[in-house]
Each structure stands twice: as C-alpha cells, then as structure tokens.
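Asks: Take a look at this one; I'll ask things after.
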Amino acid sequence: MSTVTDRLDENRADRVAFEALAERLPRGDLFLKYQQRTVDKLYTGTALLVIEKSRRIGLTWGIAAYCVLRAAAQVSAGGQSCWYMGYDKDMTLEFIETCAMWARAFGIIGTDVGEDVLDDGDGNPIQAFRIRFASGFKITALPSVPRALRGKQGIVVIDEAAFHKNVDEVIKSAMALLIWGGQVIVISTHDGVGNAFNRLISDVRSKKRAGDVVTITFAQAMADGLYERVAMVAKTKGAELPTKVEWEAGIRAFYGDDAEEELDCVPKSGNGSLISLEDILACEHDDCGLPELYEGNICYVGRDVARRRDGQVQYCMEMIHGTLWQRDTYEEYGQTFAHQDAFFDRMFATRRVGAAWVDQGGMGEKVVEDSQRLHGARVVGVLLQGPSRLDLAMSLSKRFADRSIRIRRDMVTRSDLMAIKKTGSIETSSVRIINEGKVHADRFWAYALASRAADVPAALYQYRGIKRQDREQGHPVDRRSEDDPSRYVRGGWAGRGTW
C-alpha cells in the first residue's frame with residue numbers, strides 16, 4: 001500500500017507545474033472568479049452552502065485553499081479544523097495532497113502530513129489522511145462513513161455528495177456540526193432529480209432549510225477563465241491545448257448525452273444512478289481487461305449487438321471464486337458483423353465459455369440464430385425490454401453492491417454504467433429502470449448480460465466442429481476458417497470435468 005509520501009511524489013509534476021505558475025500570476029489571481037466568489041461566500045459565515053457544479057472545473061481545488069487558510073488561522077482569527085469526506089480513498093488522499101500544495105504556496109510553516117486511524121462509530125477502524133498546522137487545528141480527509149463525523153467540530157466538506165452510497169446519512173451527520181458553530185459545504189454534480197443532493201437543494205431554495213445554494217455551470221466556468229488557466233498550466237508542462245472552441249467541444253463530446261447533467265447542472269429524471277460511483281470505483285481493478293491473465297476458469301460472455309450508430313460491445317468475464325473478472329474486451333463502432341462474430345467465436349475457441357447472453361432485439365435476431373447454430377444452447381438470446389431489462393439491470397447492480405465483479409478502470413465505462421437511472425425503491429421492489437431514451441448504455445447492458453448469464457448454473461455440454469464433409473452432406477456451414485484448430489475440437493466444458 002502506498003504511503004502519503006509516495007503519492008505526493010507521484011503527483012509532483014502537477015504540483016510543480018501549478019506552483020511555478022502561481023509565482024508568475026498577479027497578486028489576487030490565484031483563484032478563478034467562480035472559485036473566489038465561492039470562497040468569499042464562505043467567509044461571510046454562511047452555515048450551510050450547497051454547491052451544484054459542472055465537472056472538471058477545479059472547484060475542490062479552491063475549497064482546499066479555503067480549508068488551509070481556516071485551519072492555519074488562530075482561534076481569534078476564525079481558525080477551525082476541517083473534515084473532508086469523499087466517496088473513496090483516492091479522492092481523500094488527493095484532497096490532502098492539494099491542501100499540502102496550498103500550504104506551501106501560502107508560505108505556511110509548521111505543517112505535518114500523515115495518516116490517522118479513526119473510529120467509524122461502530123468500533124471499526126478507518127484510515128484517514130491529515131495535515132496538522134502550528135495553530136493546533138488540522139485538516140482530515142476520510143472516506144464516506146457517516147458515523148465518523150459524530151462528535152466532531154469544525155468545517156465539513158462533503159465532495160460529490162450525490163455519489164456517496166449513504167448520502168442521506170452523510171448529510172444528516174454533517175448537519176449536527178452546525179449546532180456547535182461549524183460550517184457545512186456540500187458540493188456535487190447531479191445524479192438524478194430524486195437524489196438526496198438534489199432534494200437538499202430544493203429544501204434550501206424553498207426555505208425549508210436555512211442555507212445558500214451556488215450554481216456553477218461549465219459555461220460559467222469558461223466565462224470566468226477556466227480554459228485560459230488550464231492552457232497556462234498545460235504550457236508549464238510543455239503541452240499545448242487546441243483552441244478554446246475546440247477544447248470546449250471536446251469536453252462536451254466526451255459526455256455526450258450526459259452533458260446536460262454533468263456540465264449544465266440539470267439533473268435527469270430518476271432517483272440517481274442504479275449503480276453508485278462508489279461501488280463502481282470499488283470494483284475497478286488494474287488486472288482487468290488483460291487477456292493474458294486468463295486462469296482457465298469458466299467464462300460468461302455478454303454481447304450488446306449494433307451495427308452503425310450504437311456501440312458494439314462484448315465482454316468475456318472469468319468466474320474466479322465467485323467473482324466475475326473482465327478478461328476479454330470488444331468495444332467497436334461501425335464494424336461488420338463478420339468482425340464482431342470473429343471475436344465472439346474466438347471466445348468459444350479459447351475460453352471455457354459456460355454461457356453467452358446476447359441482445360436479441362432488432363438486428364440481434366439473426367446474430368443469435370447464427371451463433372446458436374454454431375455454439376448451441378450456451379448462446380442465449382435476450383430481449384432488452386420490460387421485465388427482462390429490469391432483471392438484467394438488478395443482477396448487475398447486485399454484483400457491484402456485493403463487490404462480486406471486477407472491471408477495467410475507464411472513464412467512459414463509468415459514465416455508461418451510471419447512465420441507467422432508477423425510480424422507486426429497491427427495498428420495496430418498486431424500482432423502474434430508465435435512461436430517458438437518450439443513452440443506449442451499451443457497456444452497461446453487455447456487463448448486465450454477462451452478469452445474468454453467470455447467475456444461471458452452468459451445465460455439461462458437448463459439441464463437434466463441422467468439417468468439410470459435413471458441408472457436403474448438407475450440414476450448416478461453419479464460419480470459422482479452415483486453419484482454425486477450434487473447428488476440430490471435440491467436447492467442451494460448462495460446469496464440471498476437464499477441458
């Protein structure tokens with residue numbers, strides 16, 4: 001496990017780049033305008049500030065500076081300890097790194113960076129990172145454990161609140177600090193209209209709860225100099241950005257149909273993502289997506305069929321001690337069916353495939369028929385509609401919640417997985433799956449098909465490759481090439497025995 005010092009060293013380039021830039025900036029220009037307005041608002045003494053924001057604008061960067069200034073101050077100057085809560089460990093460590101950078105930039109001496117072990121409220125230890133200042137106050141960054149805030153005093157920052165697994169409890173625990181003169185800062189992009197973060201915004205705006213709301217869209221950040229600042233930092237590292245128009249277009253293209261929620265602060269319908277960001281991050285692993293790490297266990301394939309507009313996605317997931325590990329990955333656009341089929345057939349030739357579930361809707365009908373003729377009952381066609389769609393989605397959601405799936409680290413995949421929203425309550429079995437008809441979420445459904453395939457016990461099977469004489473006798477044509485040795489494999493595996 002890397003230490004705080006190790007991680008600080010790993011991010012030295014970014015810190016050095018900004019610190020070099022900070023020395024050249026005119027006095028008072030360290031913050032962008034929207035960062036400065038937010039800090040000024042906090043210094044007015046508002047007890048609860050809720051900030052709905054665009055992604056990728058560096059607001060947390062500015063909040064870190066505010067925490068440093070408050071924690072480094074004496075009591076008489078308004079000094080307080082700060083408690084930062086992110087949705088995962090890496091996020092908390094990144095915040096501490098940023099605070100350490102600001103302490104140096106401000107010339108604050110007598111700081112001590114290290115790790116603490118706190119009680120989660122149930123007697124269980126949780127790892128936290130902290131900076132202690134000569135003032136006696138400290139900044140502590142800890143993962144999303146609501147009870148860990150109990151009994152604390154000072155300033156609380158809840159970052160990306162909409163994506164905390166128990167966001168209601170986190171917010172409730174933070175509000176208790178207001179009784180003792182603390183300050184609560186709740187920051188997030190949106191994750192559905194029914195998410196607790198959006199409900200909190202509604203409560204504050206309707207005066208049901210005392211506080212203030214700040215909105216910072218991507219367009220506002222651009223108007224306040226975001227592009228120019230990013231370009232300046234990039235230049236100190238020897239890089240050049242495209243033009244402002246091209247850069248903004250690239251950011252919006254990256255988010256696609258999610259741009260309205262991710263960049264423009266307009267929440268989508270639903271209570272929030274069916275699979276939380278916290279669960280996705282917990283299930284990402286560096287060993288995934290590497291075919292050479294296949295261990296010879298039973299595999300389950302999920303295939304989302306498309307031809308032109310939507311993504312063509314196939315995932316081969318290896319079952320290892322009850323957990324699905326992503327091994328083989330096919331993600332394409334505009335490829336021929338022959339190209340897609342070649343990957344699919346290769347999985348059957350080189351992997352011990354227990355089952356492959358395929359999207360049978362529309363053009364998937366022929367794909368399923370051809371695959372079943374070649375690979376038999378292990379290929380299952382599924383229509384992604386109604387109860388079947390909900391069944392698939394809930395299977396995948398449960399795997400992420402149980403941590404029984406491992407996937408690649410990939411920003412586009414995260415976005416796809418979070419595109420599927422829910423309405424109603426899972427606890428009362430009244431949940432519905434929605435995506436507003438804008439996002440096909442190809443990766444989500446490929447994972448879901450593989451997950452649901454793995455829910456069904458594998459069965460023993462046998463098959464026979466079709467050779468030339470079989471064709472001459474009128475048997476279906478094998479689409480594998482003549483030099484593919486898998487044409488002549490006799491017998492296979494889907495549950496027990498040996499390969």
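The values are calculated or read from the model by the stated rules, or taken from the named source; none is laboratory data. Just so you know, these numbers come straight off a predicted model, no measurement behind them. Here the Cβ is made from the backbone with ideal geometry for all residues, glycine too, and neighbour counts use every protein chain on show. When the accessible area is computed, the model is the full protein with side chains, heavy atoms only, and any ligands, DNA or RNA have been set aside. Shrake-Rupley method; radii C 1.70, N 1.55, O 1.52, S 1.80 Å.
Asks: Between a residue in segment 330-346 that is among the charged types (D, E, K, R) and any residue that is open to solvent by 50 Å² or more (accessible area, probe 1.4 Å) and part of a helix (DSSP H, G or I), which pairs come within a Cβ distance under 9 Å, given they are 6 or more apart or on different chains?
Replies: Every condition considered, the pairs that remain are Glu331/Val412; Glu332/His339.
Asks: Pairs, please: C-beta under 7 Å, at least 6 apart or cross-chain, first residue closer than 23 Å to Lys53 by Cα and in a helix (DSSP H, G or I) and in segment 170-185, second at pLDDT below 80 and of a type in the set (Ser, Thr, Tyr)?
Replies: Val170/Ser144
Asks: So which residues in segment 210-234 are under 14 Å from Leu263 (Cα atoms) and in contact with a strand residue (DSSP E or B) (Cβ under 6 Å, 6 or more places away or on another chain)?
Replies: Thr215, Ile216
Asks: Answer yes or no: is there a residue in segment 204-214 that is open to solvent by 20 Å² or more (accessible area, probe 1.4 Å), farther than 23 Å from Ser269 by Cα, of a type outside the set (D, E, K, R) and at pLDDT 85 or above.
Replies: Within segment 204-214 (the criterion being open to solvent by 20 Å² or more (accessible area, probe 1.4 Å), farther than 23 Å from Ser269 by Cα, of a type outside the set (D, E, K, R) and at pLDDT 85 or above), the answer is yes, since at least one residue qualifies.
Asks: Every residue in segment 218-230 that is out of contact with any Asp or Glu (no Cβ under 8 Å at 6 or more places or on another chain), assigned to a helix (DSSP H, G or I) and surrounded by 14 or more Cβ atoms within 10 Å (Cβ to Cβ), please.
Replies: Gln220, Ala221, Leu226, Arg229, Val230
Asks: Look at Glu278 and say whether it is without any contact (Cβ under 8 Å) to a residue 12 or more places away in the chain, open to solvent by 20 Å² or more (accessible area, probe 1.4 Å) and among the charged types (D, E, K, R).
Replies: So Glu278 does not fit the description; no.
Asks: Can you tell me which condition Met317 does not meet? The list is (1) open to solvent by 20 Å² or more (accessible area, probe 1.4 Å); (2) farther than 14 Å from Thr350 by Cβ, and all the others hold.
Replies: (1)
Asks: Listed residues Ser202, Ser144; which is in contact with a Lys or Arg (Cβ under 9 Å, 6 or more places away or on another chain) and assigned to a loop (DSSP other than H, G, I, E, B)?
Replies: On the way: Ser202 fails: assigned to a loop (DSSP other than H, G, I, E, B).
Among Ser202, Ser144, only Ser144 is in contact with a Lys or Arg (Cβ under 9 Å, 6 or more places away or on another chain) and assigned to a loop (DSSP other than H, G, I, E, B).
Asks: Give the number of residues within segment 157-185 that are among the aromatic types (Phe, Trp, Tyr) and either over 24 Å from the mean Cα position of the chain (by Cα) or more than 24 Å from Glu94 (Cα to Cα) (or both).
Replies: So the answer is 1.
Asks: Please identify the pairs in which a residue from segment 222-251 that is within 16 Å of Asp264 (Cα to Cα) has its Cβ atom under 8 Å from the Cβ atom of a residue that is modelled with pLDDT of 90 or more and open to solvent by 70 Å² or more (accessible area, probe 1.4 Å), counting only partners at least 6 apart or on another chain.
Replies: Met222/Lys244; Asp224/Lys33
Asks: Looking at (1) open to solvent by 20 Å² or more (accessible area, probe 1.4 Å); (2) at pLDDT below 95, which is the only condition Trp357 fails?
Replies: (2)
Asks: Could you grab the pairs with beta carbons closer than 8 Å, sequence gap of 6+ or different chains, first residue in segment 303-324 and free of Cβ contacts under 8 Å to residues at least 60 places away in the same chain and in a strand (DSSP E or B), second one among the β-branched types (Val, Ile, Thr) and surrounded by fewer than 24 Cβ atoms within 10 Å (Cβ to Cβ)?
Replies: Every condition considered, the pairs that remain are Glu318/Ile298.
Asks: Would you be able to tell me the number of residues in segment 95-112 that are closer than 23 Å to Leu30 by Cα, touching a residue at least 12 places away in the same chain (Cβ under 8 Å) and open to solvent by 30 Å² or more (accessible area, probe 1.4 Å)?
Replies: Residues in segment 95-112 being closer than 23 Å to Leu30 by Cα, touching a residue at least 12 places away in the same chain (Cβ under 8 Å) and open to solvent by 30 Å² or more (accessible area, probe 1.4 Å): 7 in total.
Asks: Follow-up. Sort out which residues of segment 144-167 are at pLDDT 80 or above, open to solvent by 10 Å² or more (accessible area, probe 1.4 Å) and within 22 Å of Ile280 (Cα to Cα), and write them in order of number.
Replies: Result: Glu160, single match.
Asks: Could you check how many residues of segment 281-290 are surrounded by fewer than 21 Cβ atoms within 10 Å (Cβ to Cβ) and touching a strand residue (DSSP E or B) at 6+ places or on another chain (Cβ under 9 Å)?
Replies: So the count comes out to 5.
Asks: Pairs please, first residue from segment 73-94 and acidic (Asp, Glu), second anywhere and not in a loop (DSSP other than H, G, I, E, B), Cβ atoms under 6 Å, 6+ apart in sequence or on different chains.
Replies: Asp88/Leu281
Asks: Applying the selection to segment 306-352, what residues are in contact with a Lys or Arg (Cβ under 8 Å, 6 or more places away or on another chain) and of a type in the set (Asp, Glu)?
Replies: Result: Glu318, Asp328, Glu331, Asp341, Asp345.
Asks: Just name the residue that is nearest to Phe254 (Cα to Cα) out of those in segment 61-90 that are out of contact with any helix residue (DSSP H, G or I) (no Cβ under 7 Å at 6 or more places or on another chain) and either surrounded by fewer than 21 Cβ atoms within 10 Å (Cβ to Cβ) or of a type in the set (S, T, N, Q) (or both).
Replies: Asp90
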